[in-house]
Amino acid sequence: MAVTQFDPVTYQLVKADGHSFHAEVQANISTDSNDTEHAVKIALNVKMADGRTLNSDFTMRRDMAFNFAHRTREELRHMGVLGEGEHAVNASPIFMQSKAYDELFKKVREALNIDPTETIDLDRFLHSGDS
């Protein structure tokens with residue numbers, strides 16, 4: 001089994017005012033190039049400003065690996081970390097198109113042996129989403 005465990009990505013979320021600490025998020029990302037249905041696993045550990053700790057994890061299909069940043073934001077919304085009207089400001093690689101995000105995405109693609117020109121199963125995506 002070709003499992004790759006990446007170094008945890010840790011970042012802080014601030015409230016929409018751009019200054020108030022909201023949460024610290026640690027994303028633990030691993031890939032399994034032999035499992036197309038559960039190729040990417042992301043475990044989220046969140047420490048909220050009020051001291052609460054929240055945990056969640058999810059998996060993604062190989063053909064949807066490109067969408068891991070969006071799927072992470074969705075999971076944070078589902079967990080109640082990101083509410084309506086809140087957004088991640090100064091949030092780091094998972095949330096921003098940045099050099100750090102691009103490097104992380106490249107490592108995920110390489111671990112899964114994904115060619116950037118590969119297609120996704122659009123019919124499946126439209127019916128079941130990106131998980």
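The values are calculated or read from the model by the stated rules, or taken from the named source; none is laboratory data. Since we're looking at a predicted model, the values are computed, not measured. Cβ sites come from the backbone with ideal geometry, for glycine too, and all protein chains shown count toward neighbours. For the accessible areas, the whole protein counts, side chains as well, though only heavy atoms, and no ligand, DNA or RNA atoms are used. Shrake-Rupley method; radii C 1.70, N 1.55, O 1.52, S 1.80 Å.
Within the stretch 1-34, the set of residues being touching a residue at least 12 places away in the same chain (Cβ under 8 Å) and more than 16 Å from the chain's Cα centre (by Cα) comprises 1, 2, 3, 14, 15, 16, 18, 20, 21, 22, 33, 34. Tally up the residues in the stretch 74-101 that are among the aliphatic types (A, V, I, L, M), at pLDDT below 55 and open to solvent by less than 30 Å² (accessible area, probe 1.4 Å), please. Counting residues in the stretch 74-101 that are among the aliphatic types (A, V, I, L, M), at pLDDT below 55 and open to solvent by less than 30 Å² (accessible area, probe 1.4 Å) gives 1.
Does any residue of the stretch 51-67 turn out to be acidic (Asp, Glu) and at pLDDT below 90? Walk me through it before giving the result.
Here is the first cut: in the stretch 51-67, the ones acidic (Asp, Glu) are 57, 63.
With at pLDDT below 90 added as a condition, the list becomes 63.
Yes - at least one qualifying residue is present in the stretch 51-67.
The residues in the stretch 31-55 that are closer than 21 Å to residue 105 by Cα and of a type outside the set (Lys, Arg) can be counted, and the count is 14. Among the residues of the stretch 6-32, the ones that are surrounded by 14 or more Cβ atoms within 10 Å (Cβ to Cβ) and among the small types (Gly, Ala, Ser) come to 3 in all. Go through the stretch 34-73 residue by residue and tally those that are open to solvent by 50 Å² or more (accessible area, probe 1.4 Å), in a helix (DSSP H, G or I) and within 28 Å of residue 19 (Cα to Cα). The total comes to 2.
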